[in-house]
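To start, the structure itself, in structure tokens.
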Amino acid sequence: MALHRLPRVNAEYLEGGAEEEHTLRENREAFESVRFAPRVLRDVATVDLGRTIFGQRHRLPFGIAPTGFNGLLWHQGDQAIARAAAQANIPFCQSTVSNQTVSDCAGVKGLTHWFQLYLYGDESTWSRLIADAEKARCQALVLTVDSPVHGHREWDRRNYRSGFTPNWSSKIDMLCHPRWMWQVMRHGLPSFPNLAQFLPEGQRDLYSVATWALSHQVPRADWSTLARVRALWPGRLLIKGVGHLEDIRLARDAGLDGVVLSNHGGRQLDRAISPLHHLRQARQLVGPDFTLLVDSGFRRGADIIQALAMGATGVLLGRAMLYGLAAGGYAGVTRAIELLTAEMSRTMALLGVRSVDELNEEVFA
Ligand SMILES: Cc1cc2nc3c(=O)[nH]c(=O)nc-3n(C[C@H](O)[C@H](O)[C@H](O)COP(=O)(O)O)c2cc1C
């Protein structure tokens, strides 16, 4: 439904991966090699999918990954996701390049609200963003570290004339999607209000801010930069986009509260390893209590169950939630969460395991 409703430029932005898309494909293939060995006669009349993350009990063992440009999939898409997350009692990580401010989403009642930080510009820029997240009472800061430069999504790039300006063929294709035009474009192009404050008035439109962001990435960031972020943010701090076991160890030794094993959904480094391939080793490395979240390629409830049994504390979902958003806004995200909940409950019952907290290697053949 999502891909049907969206114009090509947005559908390909959502779906695309970097370069030859080896990683994008492998993120799905990684789930294929594992087989379950189900137990029987175990009274699975009730199944508990609840999970504790950072001391807070959530009804489900996944959260919503940070994604930019949600406002181009659905008008006020960030708030729509935030409302669905609050309703389902799962965390929502809002992106730096979201189309609503961090305080817009903070207003959603009952939300477990995390903020994802991209480093742009210099310390004065990111300290302002961190201050905004603190003011909005975000419960965790997730620093994305896999994007020192922008990944090259060639498929997506073909839709643009230059920078972020769509070419004529993309513009005509937009006009051929009247439902999207009415729901999204009737309100005008959304911008990036968290970043707009860094540009002069009159230059705060989507294209100008996106271009500014691209030219203000911080490829020189290193572990000392992380220490600076740590000093600025008093709360829970994670890094997202970790793809090497040695970096997990460094993150833990740097006193971080957790890491997100992720290859950015195959959108940054093509040929990067799928996190599932070293999840078990990662858990062994950090011990049982360290918060190890994982994303990239999760589409089914059984995918989530598999990762938890391999040692993940929880899973983050990117595209799986965005399909819901693009298909039906708040109702669509809620529906996507319901589908995954039903799939997880069914998988657990068929596996003969009553609680996700009891999942371990014994479920595998
Ligand atoms: C459309 C889109 C936009 C994204 N924007 C961001 C972002 O702004 N910040 C970030 O840290 N990750 C971003 N990501 C990566 C996601 O947080 C997550 O790592 C990825 O979607 C997981 O893979 P999956 O889509 O296969 O679930 C984005 C992913 C997609 C698909």
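Only the coordinates and a few stated rules stand behind these numbers; no lab work does. Because the structure is a prediction, the values reported are computed rather than measured. Ideal geometry is used to build each Cβ from the backbone, glycine not excepted, and the neighbour counts take in all protein chains shown.
Helix-only arithmetic for the chain: the sum of -39500 (n - 2.57) across DSSP H runs with n ≥ 4, divided by the residue total, places the mean residue ellipticity at 222 nm at -12000 deg cm²/dmol. Around the amide H of F36, modelled in the peptide plane, lie the amide H atoms of A365, all under 5 Å away and 5 or more residues distant in sequence or on another chain. Sorting K240, K171 by the number of Cβ atoms found within 10 Å of their own Cβ, with the fewest placed first, yields K171, K240. Rounded to the nearest 10 degrees, the inclination of helix 223-232 to the longest alpha-carbon principal axis of the chain is 90 degrees.
Between the helical axis of 123-135 and the dominant principal axis of the chain, each derived from Cα atoms, what acute angle in degrees is found, rounded to the nearest 10? In the chain, helix 123-135 runs at an angle near 60 degrees to the longest axis. Computed from Cα positions, the angle between helix 206-215 and the longest principal axis of the chain comes to roughly 70 degrees. Taken along the Cα-to-beta-carbon direction at a fixed 7 Å, the label points for L250 and Q56 span 3.0 nm. Counting DSSP beta bridges with both partners in the chain, what percentage is antiparallel, nearest 5? Taking every DSSP beta bridge within the chain, about 20 percent pair in antiparallel fashion. Sparse packing (at most 16 other Cβ atoms within 10 Å of the Cβ) combined with a DSSP loop state is found for the following GluC sites (Glu not before Pro) in region 108-216: E201. Under the criterion of Cα pairs below 8 Å and six or more residues apart, the relative contact order for the chain equals 28 percent.
Close amide H pairs (under 5 Å, H built 1.01 Å from N) link L117 with V142, L143, T144, residues at least 5 positions away or on another chain.
Please report how far the C-alpha centroid of region 156-210 lies from that of region 59-109, rounded to the nearest whole angstrom. A separation of 20 Å, based on Cα centres.
Each part gets one Cα centre, and for region 312-352 versus region 242-266 those centres are 25 Å apart.
In the distance distribution for region 1-116, Cα-Cα pairs more than 19 Å apart total 62 percent. Please identify the GluC sites (Glu not before Pro) of region 12-58 that satisfy two criteria: DSSP loop assignment and at most 15 other Cβ atoms within 10 Å. Which are they? Passing both the DSSP loop test and the Cβ count: E20, E32. When peptides 178-191, 57-70 are sorted by average Cβ neighbour count within 10 Å, with the highest value leading, the order is 57-70, 178-191. What is region 2-363 by shape, rounded, prolate or oblate, if you read a ≥ b ≥ c off the alpha carbon gyration tensor as root eigenvalues and call it rounded for a/c under 1.5, prolate for a/b larger than b/c, and oblate otherwise? Cα axes put region 2-363 in the prolate bin.
Within the set of other residues whose C-beta is less than 15 Å from the C-beta of W180, count the net charge using Lys and Arg as +1 and Asp and Glu as -1. Local charge sum for W180: +3.
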